[in-house]
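What follows is a single structure, written as structure tokens, with notes after it.
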Amino acid sequence: MSGFDLHVHSNFCDGKNCPEEMVESAIKKGLERIGVVAHSYVGFDESSCIPLEKIPEFLNETARLKEKYRGKIEVLCGLEEDLYSEQSREGFDYTVGSVHYIKRGGEYISVDESPEMTLSALKRFYGGDFYSFAEDYFKNVSLLAQKAPDIIGHFDLVKKFEKSVPFDRANPRYISAWKAAAEALLPHGAPFELNTGGVCRGYTDEPYPSFEIAEYIKSRGGRLILSSDAHRAEDIAFGFERFEGWR
């Protein structure tokens with residue numbers, strides 16, 4: 001099993017447990033390294049991100065945990081940096097570059113809030129055309145290259161609600177969109193996470209990215225690392241043994 005999980009969230013943003021509980025769970029699961037990550041601040045949607053006033057406290061707490069658990073586990077402090085975030089990276093050990101929104105008609109549309117929100121956005125902005133929605137999403141994923149993250153987060157998050165918002169992954173427009181995004185990111189050399197969060201929460205049957213995309217990334221010389229995107233201590237390293245062979 002992978003000896004590290006570099007994408008877990010605490011109650012400083014939208015996670016359930018405090019950072020120390022996440023670290024203790026990682027130790028119990030035999031990990032050698034854990035990355036406690038905060039969702040970067042975005043002013044237009046404060047429901048899931050770390051509040052600006054909490055950032056110093058988060059940095060101090062992860063620094064304390066680094067020292068307290070030195071010799072037992074390596075603790076890292078990560079920033080899941082949204083495409084639309086302008087938050088400073090200062091004090092963080094690394095960034096996970098992610099797309100959670102599409103900007104359309106002057107509004108920010110969440111791609112992973114709920115099936116109802118996605119269906120509403122498809123109706124309001126896309127005439128019900130999921131593939132146009134996916135094309136806009138993957139254009140934003142391509143733009144992550146400009147931010148040069150250390151890790152590419154949940155590459156095909158747009159598929160999250162596929163059980164409620166069905167589409168055909170074999171549709172040529174969908175394939176063309178994700179391939180263009182992958183090609184934009186591959187030259188920068190950052191690993192793509194094989195994110196098991198959607199599987200853990202029952203939204204998807206395959207990680208982000210789907211196996212077809214993961215194979216394409218590997219065939220083009222890209223790297224994959226396992227991440228759980230855990231929001232609860234018990235979900236750290238979820239599915240790592242099951243999906244280890246896909247790295």
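Laboratory data are not the source of any read-out in this text; all were calculated from the coordinates shown. Since we're looking at a predicted model, the values are computed, not measured. Note that we place each Cβ from the backbone using ideal geometry, even for glycine, and neighbour counts take in every protein chain shown.
Quick query: amide H of residue 38 versus all other amide H atoms, modeled in the peptide plane; which residues come in under 5 Å with a sequence gap of 5 or more or a different chain?
Those lying under 5 Å, H to H, from residue 38 are 78, 79, 80.
Amide H neighbours of residue 74 under 5 Å, at least 5 residues apart or on other chains, H built in the peptide plane: list them.
Result for residue 74 returns 33, 34.
Testing the spin-label approximation: label points 7 Å from Cα along Cα→Cβ at residue 146 and residue 18. State their distance in nm.
4.0
Mean separation of Cα pairs under 8 Å and 6+ residues apart, divided by the residue count of the range 199-241: what relative contact order is that in percent? Could the numbers behind the result be given before it?
Values: 21 pairs, mean separation 12.6, N = 43.
The normalised contact order for the range 199-241 reaches 29 percent.
Among 40, 120, 98, determine the one that fluctuates most according to a GNM of the chain built with springs between C-alpha atoms less than 10 Å apart.
It is 120.
Which entry in (1) 49, 47, 35; (2) 51, 39, 38; (3) 53, 40, 32 is this structure's computed Cα extents along the principal axes in Å?
It is the value labelled (3).
Counting only residues 5 or more places away or on other chains, whose amide H sits under 5 Å from the amide H of residue 18 once H atoms are built in the peptide plane?
11
Quick check: pseudo-label points 7 Å beyond the Cα along Cα→Cβ at residue 139 and residue 88, how many nm apart are they?
With each label placed 7 Å out from Cα toward Cβ, I get 3.3 nm.
So for the range 40-110, Kirkwood radius off the Cα pairs, Stokes-Einstein at 25 °C and 0.890 mPa s: how many µm² s⁻¹?
Numbers: Rh = 13.6 Å.
The Stokes-Einstein estimate is 181 µm²/s.
Quick one: helix 130-143 against the long Cα principal axis of the chain, what's the angle to the nearest 10°, folded into 0 to 90?
So the helix axis and the longest Cα principal axis differ by about 50 degrees.
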